[in-house]
Amino acid sequence: MHSSPLAALCPAVAEARTPFPDAYAHSIQHRPPQPYLRPKGTSGRSALRLSLSFTLPGDVRSARIARTATAVALEAHGLAAYVWPVTYAVTELVAVTARMSPGRELYVSLRHRDDAVRLLVWDRHPQHAEPDTTALCEAWRRRTLWLLAAVVDDWGGEWGMCEAEQPQRGTKSWVVLPR
């Protein structure tokens, strides 16, 4: 894949901000609405430990790859009740992180442990030298993920962002959804 022609979302990196094009909407698979209430009880297959990690190109089209891989992994591990919220979360996080640092690889990690699904997306967005620019960049990222925050809150989960620890660089965005 080639890097996206869209401008970066980060106000410090972007020369011009452009909204997501309507053409992106065609890549979303149209399925009938599914209930997304938090599941009760456990499945016999959920005892399988889910541990999936992969790297994607820094392109908004990578969101579809992440969504598909995540859905397949959750269903294969008996966690079908998580498919809707987790695939939504990975789609949003990958699309936004790809826009924050276009052309740079993204790392996605999906785990099921302690009766919760944990999703991590790490991008290599450079840290800014000026505190004001760092605050503005983080505010843009949080504002872009407002709907993700609502979905995670509805599920009783948590989400957040933090700077990657040394020697890594960039930003880690994470979501935890309990059973």
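The values are calculated or read from the model by the stated rules, or taken from the named source; none is laboratory data. Since the model is a prediction, treat every value here as computed from it, not as a measurement. Note that we place each Cβ from the backbone using ideal geometry, even for glycine, and neighbour counts take in every protein chain shown. With ligands, DNA and RNA removed, areas are computed over all heavy atoms of the protein, side chains included. Shrake-Rupley method; radii C 1.70, N 1.55, O 1.52, S 1.80 Å.
Within the range 150-179, take every residue that is in contact with a strand residue (DSSP E or B) (Cβ under 7 Å, 6 or more places away or on another chain), of a type outside the set (D, E, K, R) and in a loop (DSSP other than H, G, I, E, B) and give me the one that is surrounded by the fewest Cβ atoms within 10 Å (Cβ to Cβ). It comes out as 156.
Yes/no per residue for (1) in a helix (DSSP H, G or I); (2) buried (at least 18 other Cβ atoms within 10 Å of the Cβ); (3) on the phi < 0 side of the Ramachandran plot; (4) at pLDDT 90 or above:
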residue	(1), (2), (3), (4)
19	no, no, yes, no
23	yes, no, yes, no
59	no, yes, yes, yes
74	yes, yes, yes, yes
86	yes, yes, yes, yes
94	yes, yes, yes, yes
97	yes, yes, yes, no
109	no, no, yes, yes
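Scanning the range 120-141 for residues that are open to solvent by less than 10 Å² (accessible area, probe 1.4 Å) and free of Cβ contacts under 8 Å to residues at least 60 places away in the same chain yields one hit, 121.
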